[in-house]
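Here, each number is a calculation from the coordinates, and none is a lab measurement. The shown structure was predicted, so the numbers you read here are calculated from the model rather than taken from an experiment. Ideal geometry is used to build each Cβ from the backbone, glycine not excepted, and the neighbour counts take in all protein chains shown.
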Amino acid sequence: MTRVLVPEHIAGAAPLLGARLQRLHGESMGTTWQVLWAERDAARQGPLRAAIEAELDLVVEQMSTWRPTSELSRFNAAPAGARQVLSEAFAEVLAAALWLADSSSGAFNPASGALVNLWGFGPAPRYTDPGFAPPSAEAVRAAMPATDWRALRFDAAAREATQPGGLRLDLSAIAKGHAVDRVARRLRAMGVSHALVELGGELRGQGLRPDGMPWWVDLETPPVRAGQVAPRATRVALHGLSVATSGDYRRAYLVDGQRLPHSIDPRSGRPVAHGLASVSVLHADCLWADAWSTALTVAGREQGLALAEAHGIAALFLQREADGRLSETLTSAMARLAG
């Protein structure tokens, strides 16, 4: 039986009478995006596409680790002691990332870029490159001092960050959610109050579909092998809500029979190995859904559940058990949405 989650507070928005379901899609940030919205005609598709792509391009220009000219890449390449005034959005995202790093005791770490690259999940080298080999224990130990987010001097009021030397920011675990929020806010500013925004599987819904129903989405679940029981399906009404899922099944590679997922634990310097298959988080803002799903995935089920409960986070944990089953755990905030 499908579990249905609905927000605790329903806004008084009424469906747009006579509206049709409109759709735009494209590619950005190494993945795909789509926007569904309710409008009476398709005459504004051109201006809306331009606005959506402008918001996504701005995030790339500011926070991409793949673009050498981005604000983030310039900071990473700067010498020790160099100060850089950040754009307003970059500073906002960095402040949120640093807060979560402190709150999660480093399970979320925006300064883990060196480790991400070392394990082949950054721009170069890639784990898919011919001849790529995972780093040695010595290489991991050598990289760890450059991942201390507390060494970063950041003046939020002045939007100024100082490079301590060798620190490599990586905001990949929060920037996509931020981009979804930016697109949703831009659409609302243009008079689109009923929309579903999706970027790489992260979604934010506002208002209603043309038929008066909320934006129903199914939570992403890990694939199961033949003969295994699939986890219970969960459907969410994204009405003033965002959702993000972090899992160990998206990007990974095998080394001597061991599966190495892209989720790196910055505290150990190694990919996570605690058997947590996925964490889905619901939050009003996609930035926080994105960031919290990563933090809780790295923390693991026991620590992650305690962390989520302490901060009132609505989360669903799926754990790989020794017998191959996927067991689920809901935080109390997530359980309340199920009624």
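Work out, in µm²/s and without decimals, the Stokes-Einstein translational diffusion coefficient of the range 215-295 at 10 °C, 1.306 mPa s, Rh from Kirkwood over C-alpha pairs.
112 µm²/s
Quick check: residue separation of residue 302 and residue 325 times 0.36 nm, minus the Cα distance between them. What number comes out in nm?
Gain on stretching residue 302 to residue 325: 6.5 nm.
Using 7 Å Cα-to-Cβ label points, what is the residue 34/residue 92 separation (nm, one decimal)?
So the label points at residue 34 and residue 92 sit 2.7 nm apart.
Under the √(5λ) rule applied to the eigenvalues of the Cα gyration tensor, what semi-axes describe the equivalent ellipsoid of the chain? Give them in Å, descending.
Calculated on Cα positions only, the semi-axes equal 32, 26, 18 Å.
Any idea what log10 I(q)/I(0) is at q = 0.20 Å⁻¹ for the range 4-69, Debye with uniform C-alpha scatterers and no solvent?
The calculated log intensity ratios at q = 0.20 Å⁻¹ are -0.92.
In nm, to one decimal, how far is the residue 259 label point from the residue 185 one, both placed 7 Å along Cα→Cβ?
If labels sit at residue 259 and residue 185, their model points lie 3.7 nm apart.
Which value, in debye to the nearest 20, describes the size of the charge dipole of the range 205-339 about its Cα centre when Lys and Arg Cβ atoms bear +1, Asp and Glu Cβ atoms bear -1, and nothing else is charged?
So the dipole magnitude of the range 205-339 works out to roughly 180 debye.
Between residue 20 and residue 54, what FRET efficiency follows from the Cβ-Cβ distance if R0 is 25 Å, with the result rounded to 0.05? Could you put the intermediate results ahead of the total?
Values: r = 24 Å, r/R0 = 0.98.
Once the sixth-power term is evaluated, E becomes 0.55.
For a protection proxy built on the mean count of beta-carbon atoms within 10 angstrom, sort 67-75, 123-131, 310-318, 290-298 highest first, please.
Ranking the peptides 67-75, 123-131, 310-318, 290-298 by packing returns 290-298, 310-318, 67-75, 123-131.
Roughly speaking, what is the centre-to-centre gap between the range 274-339 and the range 64-133 when only Cα atoms are used, to the nearest Å?
When both Cα centres are located, 24 Å separates them.
For the modelled label position 7 Å from the Cα of residue 43 along Cα-to-Cβ, which residues of the range 183-222 have backbone nitrogen atoms closer than 16 Å?
It comes to 191-192, nothing else.
Residues in the range 131-158, backbone N under 18 Å from the label point at residue 78 (7 Å along the Cα-to-beta-carbon vector): list them, ranges by number please.
146-158
Just the number, please: Stokes-Einstein D of the range 106-167 in µm²/s, Kirkwood Rh from C-alpha pairs, 25 °C, 0.890 mPa s.
In µm²/s, the coefficient rounds to 188.
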